[in-house]
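Asks: My questions all concern the structure below.
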Amino acid sequence: MISKYRKQFNREFSQEKYSHFKEILKQKSGLEPSFRISESPVFLTKEFENKLIDASESIIDQIKALPFETLQKAIPENCRVPNDTHQPHFFTIDFGVCKSENGEIEPQLIELQAFPSLYAFQRILEETFCEVYPFISEIKNKMPHEEFKAYLKELIVGDENPENVVLLEIFPEKQKTLIDFVFTEKLLGIKTVCLTKVKKEGRKLYYENNGRQIEIKRIYNRVIFDELERIPDLKTEFDFREEADVKWITHPNWFFKISKFLLPLLKHRFVPKSYFLHEFPDRENLENFVLKPLFSFAGSGVNLNPTKEITDAIEDKENYILQRKVSYEPIFEDINGEFSKAEIRLLYIWRENDDRPILLENLGRMTKAAMVNVDFNKKDAIWIGSSNAFFGDE
């Protein structure tokens, strides 16, 4: 969309630079990323950025105005965790880069979550793009690295000793996001701990480090609670639903409260119309909608072409939504003259005493397939995978 930066990047790009780019990430983290990193950043105009912010601010206003009881309805009873908080610590919001009926490039809301994303990784990714392609630095995120670090440290570590704060995940070494865990450890000085290693004595939680039992006082939670039930023979000492003397960053209930559950309740010109499946009106055409389970992750269970037979067969219709289809516009030209589509995730933090969240970073995802998840791309495609968006003047 910013032809000046796109043309310069494509002129400077080479497979050698891409290999060097990935090698820098490997050197900084000590491991290979387990997901595909796009060769290219996403270049977008300040005008488009303003549209993103306008939509996000409206959505934040609408969420803040929702009754407490409405949000509580989103939490499955078997997943309700005690000691909820009045607002989440994280807020992420995904927009597709689309084209309007009058030909304007505009964002369209895809999803939103009160769950941490790849905050530490995305910061390093942005910095690495600027290392390999110095000209990009003139449109990089204006927030200095130390300020970014201070925000995350205040939010996640707070006033605690970092050794009493853990990044909690289930089998973290098997997760695709392991590289983000490593960068988070380096950034904040905290440990990544598997849920199966957490010990519980009364209301206190502990983990072991170098033969020492260390109390856990704050949990930077990366566990998707409802996915635990799908792991066969999982044995843990600590059940999220139990009372514990620990501070959640962010509280697990928010994963459900700010989710696809909210999509039918939101209104904005950049928010596609959505319905709960059991409330889908007869006047609408099913062909114009995408079927999504409320509580899936990474695109699992999404049906781009639902039929009446499929929707009629679903018993728990209240746990599904139908979202009006949007068309991602292929506008990001690669070195072969082919075009990729993209999705932008805005990464906010929400401090406990703040009225509104603070935008720290973004995450870009590029694709040439029908779905943005890179698993759906051809293996030989380029300009696909995890990326970062840079905003500048044309």
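Asks: Give the calculated FRET efficiency between D84 and E23 to the nearest 0.05, with a Förster radius of 56 Å applied to their Cβ-Cβ distance.
Replies: On the way: r = 44 Å, r/R0 = 0.79.
FRET efficiency, D84 to E23: 0.80.
Asks: Would you mind pulling out the separation of the Cα centroids of the stretch 105-132 and the stretch 1-57, in Å?
Replies: Cα centroid of the stretch 105-132 versus Cα centroid of the stretch 1-57: 10 Å apart.
Asks: Still on this structure: How big is the dipole moment of the stretch 157-249 about its Cα centre under a simple scheme where the beta carbon of each Lys and Arg is +1, that of each Asp and Glu is -1, and everything else is neutral? Debye, nearest 20, please.
Replies: It comes to approximately 160 debye.
Asks: For the chain, what is Rg from Cα atoms divided by 2.2 N^0.38 Å, rounded to two decimals?
Replies: Numbers: Rg = 21.2 Å, N = 394, 2.2 N^0.38 = 21.3 Å.
Dividing the Cα radius of gyration by 2.2 N^0.38 Å gives 0.99.
Asks: Within the set K22/K186; K200/K260; K200/K235; K64/K273; K7/K368; K99/K325, which residue pairs have Cα atoms separated by over 24 Å? Could the numbers behind the result be given before it?
Replies: Details: K22/K186 19 Å; K200/K260 33 Å; K200/K235 13 Å; K64/K273 20 Å; K7/K368 20 Å; K99/K325 12 Å.
Correct reply: K200/K260.
Asks: Right, here's the next one. Where the centroid of each part is defined by its Cα atoms, how far is the stretch 235-255 from the stretch 257-290 in Å?
Replies: After rounding, the separation between the Cα centres reads 31 Å.
Asks: Rg over Rh of the stretch 157-249, using C-alpha atoms and the Kirkwood radius, what does it come to? Show your work: numbers first, answer last.
Replies: Details: Rg = 12.7 Å, Rh = 13.6 Å.
Over the Cα atoms of the stretch 157-249, Rg/Rh equals 0.93.
Asks: Now a separate question. Once the convex hull of the alpha carbons of the stretch 216-266 is built, what does its volume come to per residue, in cubic angstrom? The partial results should precede the final answer.
Replies: Numbers: hull volume 5.1 nm³, N = 51.
Measuring per residue, one finds 101 Å³ for the Cα hull of the stretch 216-266.
Asks: Please give the length that would be gained between D233 and E69 if that part of the chain were fully extended, namely 0.36 nm times their separation in residues minus their C-alpha to C-alpha distance (nm, one decimal). Walk me through the numbers on the way to the answer.
Replies: Details: separation 164, 0.36 × 164 = 59.04 nm, distance 3.47 nm.
Fully extending the segment from D233 to E69 adds 55.6 nm.
Asks: Provide the FRET efficiency to the nearest 0.05 for the E338-K99 pair, computing r from the beta carbons and using R0 = 25 Å. Numbers along the way, then the final one.
Replies: On the way: r = 18 Å, r/R0 = 0.70.
With a Förster radius of 25 Å, E is 0.90.
Asks: Please work out how much length the chain gains when fully extended from R356 to D159, using 0.36 nm per residue of separation minus the C-alpha to C-alpha distance, in nm with one decimal. Walk me through the numbers before you get to the answer.
Replies: Numbers: separation 197, 0.36 × 197 = 70.92 nm, distance 2.17 nm.
Stretched out fully, the R356 to D159 stretch lengthens by 68.8 nm.
Asks: Of V165, T192, H278, which is farthest towards the positive pole of the chain's charge dipole, taken about the Cα centre with +1 and -1 on the beta-carbons of Lys, Arg and Asp, Glu respectively?
Replies: Of the listed residues, the answer is T192.
Asks: Of all trypsin sites (Lys or Arg not before Pro) in the stretch 216-313, which ones are in loop regions per DSSP and have a Cβ with at most 16 other Cβ atoms within 10 Å? Write out the running numbers ahead of the final one.
Replies: Details: sites: K217, R218, R222, R230, K235, R241, K247, K257, K260, K267, R269, K273, R283, K308; in loops: K217, R222, K235, R241, K267, R269, K273, R283.
Of the trypsin sites (Lys or Arg not before Pro), the ones in loops of the stretch 216-313 whose Cβ has at most 16 other Cβ atoms within 10 Å are K235, R241, K267, R269, K273, R283.
Every read-out reported here was derived from the displayed coordinates using simple, explicitly stated rules and does not represent laboratory data. Note that the structure is a prediction, hence the values are computed from the model and not measured. Cβ: placed from backbone, ideal geometry, glycine included. Neighbour counts: every protein chain shown.
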